[in-house]
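The values are calculated or read from the model by the stated rules, or taken from the named source; none is laboratory data. As the structure is a computational prediction, the values presented were derived from the model and not from experiment. Glycine gets a Cβ as well: all are built from the backbone with ideal geometry, and neighbour counts include every protein chain shown.
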Amino acid sequence: MKTIKDFNFKGKKALVRVDFNVPLDADFNVTDTTRLKAAKPTIIKILEDGGSAVLMSHLGRPKGVEDKFSLRHIVKTTSEILGVEVKFIAATVGAEAEAAVAALEPGEVLLLENLRFFAEETKGDLAFSEQLSKLGDVYVNDAFGTAHRAHASTTIVAQFFEDKLAGLVIEAELVNADKVLKGGVKPVTAIMGGAKVSDKILIIEKLLDVADNIIIGGGMSYTFAKAEGGSIGGSLCQDDLLEYVLELEAKAKAKGVNLIFPVDNFLGDAFSNDANTQIVLRGQIPDGWEGFDIGPKSIEKFSEIIKNSKTVIWNGPMGVFEIPLYATGTIEIAKAVKDATEGGAFSLIGGGDSAAAINNLGFGDDVSYVSTGGGALLEYMEGKTLPGIAALQA
């Protein structure tokens, strides 16, 4: 796979798929600029070579054309981050877009309107992809967060270009994932959280071959507790996976991998910041109560294991961290990952909620790598082929 490092963009117009699907507040201000900052090195490389950049992205899940999902809202912030004026056009394909691209001078940046204003984008429509291909001389994909989708702009459009390149975000994502997958420095600890075991089955199976420790937290941990005969009250549980998780525990034991569970749980009687709370040992949650976070003994145990690790991957929160009352476990695990990194460990934060937690705490620069694509990273680490990557290698 060729990257932009292998190419000189002098005199070229690069059609760049970026991931500018950023959160906006009620006044359309960007509340998290991580993805915009991540794309900057790729865009600046193109401009410094003497090329121009035509940026395309999606934002949200619009049903047709909806102004609240217009990329015009992010132009000011993107310009400030790039240090270059970003031109914007309220068109994505067609004569108007082609004219704007034709007028683009070397060193200039043009942002097209939201790709998902067209249903053809997510359908991977060939004709729409061909229209997009007319907007550049060379194709660059730097949107790792959508690399697992065979959409028009992420995959299909590549076939219309002789020069198709990976941007620096995609290159970094694959390099850092491989640092874990292809034998990280031991001991290797994986921290798996989130609501459902079913979302993490394949990645846990894969990690059994590389990890020394797999910490299981979040809502998914209660399925394991119930399978082992514990009481979980009203906590999340996937009853159809009770037999499977016991088999998974047996597999881990056979491979010498430590599956590590919470020893205590922080309970609430409501999904609310004003709930009544209590702490109980694992498997002893009474009726009328629900586990919303790991308890203090679990925090201490998990943190000690993490700090003694040399390679750490974290995907998924330890509790319902969007509610401050139930955020302590996730915050403390983030601090432990930060401390491990400062002690010389390699740490990969697997996108999604884990990335949000790290960034919200201001630890983004204190860990080794924060992935921009939760779903895409999981699928890559599960061993699946990502259509957006495969299209660059074809």
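I'm trying to understand the selection: among the residues of region 284-310, which are part of a loop (DSSP other than H, G, I, E, B) and buried (at least 19 other Cβ atoms within 10 Å of the Cβ)? Residues satisfying the conditions are Trp289, Gly295, Ser309. The set of residues in region 159-215 being part of a helix (DSSP H, G or I), over 19 Å from the mean Cα position of the chain (by Cα) and in the same structural domain as Ala252 (by TED's automatic domain parsing) consists of Glu205 alone. When residues in region 169-183 are screened for being among the hydrophobic types (A, V, I, L, M, F, W, C) and farther than 22 Å from Pro41 by Cα, 2 of them pass. Taking the stated definitions as given, is His58 surrounded by 17 or more Cβ atoms within 10 Å (Cβ to Cβ) and either farther than 28 Å from Lys5 by Cα or outside the structural domain of Ala127 (by TED's automatic domain parsing) (or both)? No; evaluated as a whole, the condition is false for this residue. Cβ-Cβ distances below 6 Å connect the following pairs, each with a first residue in region 62-83 that is within 15 Å of Leu112 (Cα to Cα), a second residue that is modelled with pLDDT of 95 or more and polar (S, T, N, Q), and a separation of six or more residues or different chains: Phe69/Asn114; Leu71/Asn114.
Residues that are farther than 26 Å from Asp178 by Cα and assigned to a loop (DSSP other than H, G, I, E, B) do not occur anywhere in region 243-260. For region 176-190, taking the residues that are at pLDDT below 95 and aliphatic (A, V, I, L, M), the one that is farthest from Val370 (Cα to Cα) is identified as Val185.
In region 151-160, of all residues being more than 10 Å from Ile389 (Cα to Cα) and either touching a Gly at 6+ places or on another chain (Cβ under 8 Å) or among the aromatic types (Phe, Trp, Tyr) (or both), the one that is surrounded by the most Cβ atoms within 10 Å (Cβ to Cβ) corresponds to Ala152. Every condition in (1) touching a helix residue (DSSP H, G or I) at 6+ places or on another chain (Cβ under 7 Å); (2) assigned to a helix (DSSP H, G or I); (3) of a type outside the set (Val, Ile, Thr); (4) within 19 Å of Ile170 (Cβ to Cβ) is met by Glu120 except one, and the failing one is (4).
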